[in-house]
Structure formats: structure tokens, C-alpha cells
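The values are calculated or read from the model by the stated rules, or taken from the named source; none is laboratory data. Quick caveat: nothing in here was measured; it's all calculated off a predicted structure. Cβ coordinates were reconstructed from backbone atoms using ideal geometry, including for glycine residues, and neighbour counts include every protein chain displayed. Side chains are part of the model used for accessible areas, which takes the heavy atoms of the whole protein and leaves out ligands, DNA and RNA. Shrake-Rupley method; radii C 1.70, N 1.55, O 1.52, S 1.80 Å.
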Amino acid sequence: MDKKEQLLELLQKDDLTSSEEILLTKLLEDDELLQFYETHNKIKQAVISGSHLNYDQLYNYILLKNGNEPEDKSIIVQLPIIEEHLRNCEVCLEEFQTLNNEYSSIDSFISSPDENAVSGVQMPAQLTQNQKFISARYSAFAALSIGLIYLIMFFISESVTPAAYENASIKGEADFYITRGRPTDNFQKSLEAIENKNFDDAINYLERDISEKENDETIFYSHYILGLIYLETAEKDFLGLFPSYDEQTAANGLKNLNTAVELNSSGKFPNVTYDAYFYIGKANLMLGNTDDAKKYFNLALENKGSKLQEARQILHELE
Amino acid sequence: MFEASRNGDSNAFQTLSGYIHNISYSYFLSKHRNGKIKNKDDVEDLANNVYLAFAEQYHKVENLEFWLRRVLFLNFINWYKKNNTQRTLELEESFYIPAKEVNPEHKVDADKILDILSTLSKDKQQILKMRFWEDLKFAEIAERLNKTEDAVKKMFYRTVEELKKRI
């Protein structure tokens, strides 16, 4: 084994024995190897401070954080690096939050599969074999009748609802947790309230947060979430059909989203602004301002935010 | 039923694997309906992947709920990775300049090194990232890249030498 190989072998070890330390010192007496060693360490520092987390790391880290056994146990050794990185990298933090929310949704789905069952897919343990047999004919008939009535109403709704109105809906789509958020009590309580679908309380908490901390650098988050809540609650429909929007509530949503964009001027959180563009587009659709809506969907598209695909799809449908 | 499946009861296995498929399908369908999964064909593919994983692994599974959470999540991440190519590229192939406050002199060095790293070939960047960021040994890198350990060591050595001249 030549000297270069010996050095590489030593450099990949986590701990050196005393004889290996002596060998390393001896190798570094060679100028060429010493320069290699110094460059090696500089690159290592730069790579560690400048790399993003990959999906395997995020996957295993999220499993571990949620009390599930990670597939790759070496993630435990990497924990300090990963957590340090998440504190410093907004891109990875957002990715972590998105995927962690996904894990939570799987968690709640599996915890109560019956509640979360999607219509048309039968979940386990809903009915015993005998019950199934007895009730099958009646339920099939009832389902058919209800389905037929709904189908007729659906076609009527489709024919009387303009495309712009359909595309304005954010019902259940708004991701309230994509952002880092704020550590204040009021902000955190608002998230809890949103989780419980208690939007009135969430609005009160956020308005309190805004009035008490209006000069905080991150107050734009509160305006952003408040804007989303207003848009979420602006929608009125009947069984998912004939959508309409409360004008005042949609206008409140638009106002808060515009404020969020205006206040998010530090350049540190561009993704919030790009997502806000998308929802400003939706708010304008709710208010019937299709041209303004297109302008904002185009901004979301040009800036390649997380709503890029949805913005592209809506623009296509509005053409 | 789970115990019966593990003990070789084929009826129990069939019923249970049917349930696993239904839960998976229902979950991915909900993602399709809320717009996260655009293509409905993906829903069926993803549910089938979970079903196949169960068929392969059921005899080793200890806690079915934990297993199902992990496999649903793994399949979702794999799908997400494949369908968010721009973000995947950003996360897995690029270097970024950390926002953390560091000694300005070191920061200039690190910025310069990261700039140069981004001009290296994909293979060289991968080797450096695997070695330094993922802390893999040369043998593990070789296995992942389907190369010999010797080839990886040589490429690593040459890359560091190349950077030494350019820094």
C-alpha cells in the first residue's frame, strides 16, 4: 500500500488508535501529502456546511422523529448534522415540513381508517360477512338512487358554474403548515385552532398576534395564514355543488395576502411570497377579477414556487 | 388474522392483504382527490407497490401498523421524488451557501470551494458528497455507484488534487 492509500485509509476512520496517529503524523511530514490533507479538510467543511439533505435522510429522520424505526440506523449518528442543517437551510426545512405533514396524515389515516375512508373504497372491519350479505341489496339500491340524484345535480352545477369559479376553490387544499411559522403563543394557538377546524378562533389569535407584534420581521406569516383562512371560509356550496364565495370574506383574504407579500421583503423567505401569489390569484377568481388572477398565477409560474403545477393547470383552464 | 397469516393460513393472508390494498388505495386516492397526486394511474400503482411489499415481507413484519405507516410513507416519498424533479435536483445535486453566521474568512473559502465543486462532473460531486456529507466509507460508495473500491479511491484522490490546484 503506497503512502497516498495509507492516508486515505486513515482519513476515512472515525477514531484513530495511537499507532495510527503516529503513522498519520509521519505521513504528513511529506509536503505533498500535507497539502492534500489540508485541502481534504477544507473541502469536507465546505461540503458539510453547503449540502442539502437528501430524500433518504429526510425519510429516515422523519421516521425517527415520529417514533418509527428508521430503515437506515446510521441516521442516529447524523442527527446533530441534520438538525443543525435544518436550522440553517430554509429549503430543507420546508421540504421536511411538507414530508412530515405527509407522515402525520398517514399516521392519522391509519389510526382511524374508517373515518378516513374514501368513498368507493371499502375499508376493513366495516361490516361482518353476514351483515354484508343482508344489507347489500338495500344499500346498493339506496346508493344507486342517491348517486343518480347527485349526478343530475352535478351536471346542472357544472353547466351553471363558470370555470373561473370552480378554479377559485381552495377548500381543503390550503397547506397551513408549509411555512416555518412564528414561535409566538398566538400564532401557535392559531395553528391548533386550524387543526380543529375552528377558524373563528384562529382568526382571533392571528389578529391578536398582528396587533401585538406588528413590527416583527416574520409577522407576514400571520397575514399569510390569515389570508388562507379567509379564502378557505369564503366558499359556500351545497354538497360540493353550486360553489359561491362571500365577497367580503374573500376580500379580507386578498388584503392579508397582499400585506404578507408586502411585508415579506427581507428576501429570506421567497417561497412564502411565491405561494402567496398563487392564493392571491385564487382570491381574485373568487371576486370575479379573472385578469388580475391570471397575472398572479403567472407570477407563481414564473417564480417556480411549490404551486407551479396548479398555477399552470388553472391558467390552461382559464384560456 | 395477522398472526394466522404469519403462521401460513392462506385465507387469512388473502383477506389481510386485501385490507392492506384497500387502505393503501384509499389513502393514495385521497391524495389524488385533494390534488397532490395528479395522475389517477399512480394511485393504483402505489397501492400495488404496498400490496407487493406486504406479500414479500409479511412473515418478517412485527408491528403491522408501524410497517404500514413506513411503507406508505416510503412509497409516497419515492413518488414525490420522481414527480418533483426540480426540487429533487435542488436537494440532491446542488450545493447551497449556508446562511449561518461564520468567520468571514472561512466563509469566503467555503463559498469559493462550493462554486468550484458545482463545476465538477456529477460522479466527482457524488463521491465527495457521499464521503463527506453522508459519511460513507469508500467500499460503501463503490457499492452504491457500482464501481470498484480502488476506482472510487483514485477518483476521490484525483478530485481533491484537482481542487487543491483550483482553490
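Some observations on this one:
- Cβ-placed point charges (K, R +1; D, E -1), dipole of the stretch A:179-319 about Cα centre in debye, nearest 20: 420 debye
- Heavy-atom accessible area ranking, 1.4 Å probe, most first, across B:58, B:19, A:221: B:19, B:58, A:221
- Were the residues from residue A:292 through residue A:83 laid out at 0.36 nm apart, the gain over their Cα-Cα distance would be 71.1 nm.
- Exposure ranking of A:22, A:81 by accessible area [1.4 Å probe, largest first]: A:22, A:81
- Using the Cβ-Cβ distance between residue A:21 and residue B:74 with R0 set to 56 Å, the FRET efficiency from 1/(1 + (r/R0)^6) comes to roughly 0.85.
- Inter-label distance, nm, simple model (7 Å from Cα along the C-beta direction), residue A:216/residue A:302: 3.2 nm
- Cβ charges +1 (Lys, Arg) and -1 (Asp, Glu), total dipole of the stretch A:271-319, debye: 120 debye
- Cα lying deepest toward the dipole's positive end in the stretch A:253-319, options A:313, A:286, A:300, charges on Cβ: A:300
- Taken over chain B, the alpha-carbon convex hull comes to 174 cubic angstrom per residue.
- Restriction of the trypsin sites (Lys or Arg not before Pro) in the stretch A:1-110 to DSSP coil positions whose beta-carbon has at most 16 other beta-carbons within 10 angstrom yields A:13, A:73.
- Trypsin sites (Lys or Arg not before Pro) within the stretch B:1-73: DSSP coil, no more than 13 neighbouring Cβ in 10 Å: B:38, B:60
- Nearest 10 degrees, 0 to 90: helix B:10-33 Cα axis against chain B principal axis: 60 degrees
- Carbon + sulfur, % of accessible area of the stretch B:1-46 - ligands and nucleic acids excluded, 1.4 Å: 45 percent
- Inter-label distance, nm, simple model (7 Å from Cα along the C-beta direction), residue B:154/residue A:107: 4.9 nm
- Only Lys, Arg (+1) and Asp, Glu (-1) charged, at Cβ; the stretch B:1-63 dipole about Cα centre in debye: 340 debye
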